[in-house]
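Input: a single structure, listed below in structure tokens.
The values are calculated or read from the model by the stated rules, or taken from the named source; none is laboratory data. If you're wondering where the values come from, they're calculated on a predicted model, not measured in any experiment. In this analysis, Cβ positions are derived from the backbone assuming ideal geometry, glycine residues included, and neighbour counts consider all displayed protein chains. For accessibility, only protein heavy atoms count, side chains too; no ligands or nucleic acids. Shrake-Rupley method; radii C 1.70, N 1.55, O 1.52, S 1.80 Å.
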Amino acid sequence: MNPQDAWKMAFSQLELQFDRATFDTWLRDAVFLRCEEGVFVVGVGNSYARDMLEHRLYKNIWRVLSDVCGYSVQLRFEVHKPEPVAKKKKEDMPLFRLLAEQDSDTPSIPLHQQVMRPKLPDLPESELNPRYTFERFVVSAANRMVYEAARAVSERPTIYNPFFVYGGVGLGKTHALQAIAHALRNKGQRVIYISSEVFTNDLIDAIRQRTTAMFRDKYRSVDALLVDDIQFIAGKESTQEEFFHTFNTLYTFNKQIVLASDRHPSQLEPLADRLRSRFEGGLVVDIQPPEYETRLAIIEMWSRERGIRLAPQVAPMIADRVQNNVRELEGIFNRIAAETQLGFTSVTRTAAETTLNHYESPRQHIITVAQVVEAAARHFGIRASDLTGSNRSQRINQARQVAIFLARDITGVSFPQIGAVFGKRSHTTMLHAYNKICEEISGETPLRETVEKIRAALVK
Ligand code: ADP
Ligand code: MG
């Protein structure tokens, strides 16, 4: 069979395999272009479709085509502009075409109206952690620049635009971004705080559900857009494309943009140069691991907040143990606090030492979200699939929230990624569960005991 026919046959099988929406949106207009040194080259309308086919749908397509050919084929997608034909009515057009058109045509809504729209779109991704405020951010030489700039941006938005924060894991980038979000929101500004992963997922959903206009409305009509973990847009061309336009619109209309990343813009690879130069065009500041005194001050703040008394040498001992990651410091602190609160009124040196000794070795092996789910299921006497599934009974629901809390607390994996394990639940749902359990275990409650038992089983 010649390659063209093989593609045709595979194509009709794929039409049966995929659901209608997926097929129509992503594959309907794919055309066989050529066979190049044995590689099938398939043309698609634009880079959104290409990314989708290459990343999400690749395996299925490859399998069907390989079956048809009787050998393991090689397959590649490329953007291919068909000969111009008389314009179709827009409603009849597959979405990615429409999207491409929207990009090239003069936009139907003038830019200034895109920004000035009076309607307030929902901003569900912007649920903030109430604990990430400026008041709870301990300032030191390591983070002073970030703190001062963040304060300045909150008081006089766009004084630095964009404001780009970068630094290692667990050093307070998210905390700083959300502190800005809280402050701006308290002034009545419309703020979206979002991770770049959620932005990407949102974009993909919008393309699928044909709601890109709403998507754009949402992100381009805010007073401030804060995007966390922007490093994840590296290599994602269509997200970069969309983000570039979002960035420009906001920037042009003097709206604040704040970005956080685990590395300097010059180290983000692969990233379109035009985005890189924009990231570097504002204020770029790094955040360093806190010095010993700062770690002490942070620990003292935590014990004060929770009414936990530490024997004199305990805080220094903890501060000594973890040097480069405040999240990990918090993990150890929580553990020590939890174990103590179960039985005693203050943390003795011996108790803290025992916990610290206990803590060291388990950190050697990395605990995964799946392991947390397993351990929680075992504890509650249910199946792991009950936790990740859709059962909403009160008992399962609470067990699920506990598992989500522990997944985040122990692994530090992002909410969108945890959400993916829990049956594709949203990032907001994860955050909600996390905050809820945080609150419910802040006193000496039976739930706290449950949480710590599961944690102990995992890290032993
Ligand atoms: P990152 O986003 O850089 O990975 P986070 O902002 O999530 O780090 O910080 C991890 C934890 O450490 C959070 O609970 C945060 O509140 C805490 N933290 C980090 N830096 C500070 C600081 N300077 N003062 C108080 N808490 C901090
Ligand atoms: Mg972060």
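Tabulated data
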item	result
Label-point separation in nm, V41 to E280, each point 7 Å along Cα→Cβ	3.3 nm
Where labels lie 7 Å past Cα in the beta-carbon direction, separation of R131 and E155 in nm	2.8 nm
Whole-number D in µm²/s for the stretch 354-460 (Stokes-Einstein; Kirkwood sum over Cα pairs; 25 °C, 0.890 mPa s)	177 µm²/s
Beta bridge orientation in the chain: antiparallel %, DSSP, nearest 5	15 percent
Debye, to nearest 20: dipole size of the chain, +1 on Lys, Arg Cβ, -1 on Asp, Glu Cβ	880 debye
Sequence of I159, I194 when ordered by accessible area, the most exposed leading, probe 1.4 angstrom	I159, I194
Solvent-accessible area, 1.4 Å probe, carbon plus sulfur percent, for the chain	50 percent
Ranked order, R349, R306, R190 - accessible area, probe 1.4 Å, largest first	R349, R306, R190
Directionally averaged shadow of the stretch 1-79, computed from the convex hull of its alpha-carbon atoms, nm²	4.5 nm²
Placed amide H near L226: partners under 5 Å, 5+ positions off or other chain	I192, Y193, I194, V258
Placed amide H near V79: partners under 5 Å, 5+ positions off or other chain	V44
Mean accessible surface per residue for the chain, computed with a 1.4 Å probe while every protein chain stays in place, in Å²	48 Å²
Compactness of the stretch 198-312 as Cα Rg over 2.2 N^0.38 Å, two decimals	1.42
Heavy atoms of H358: accessible area, 1.4 Å probe, square angstrom to 10	80 Å²
Zone residues, the stretch 22-49, relative to N2, backbone N less than 16 Å from point 7 Å out along Cα-to-Cβ	32-38, 40-41
At R0 = 22 Å, FRET efficiency that the Cβ-Cβ distance of S66 and Q17 yields, to 0.05	0.95
Gained length - Y58 relative to Q189, 0.36 nm times residue gap less alpha-carbon distance	42.9 nm
Under 5 Å, built H, 5+ apart or other chain: amide partners of Q74	F40
Directionally averaged shadow of the stretch 260-391, computed from the convex hull of its alpha-carbon atoms, nm²	12.7 nm²
Quotient of C-alpha Rg and 2.2 N^0.38 Å, computed over the chain	1.12
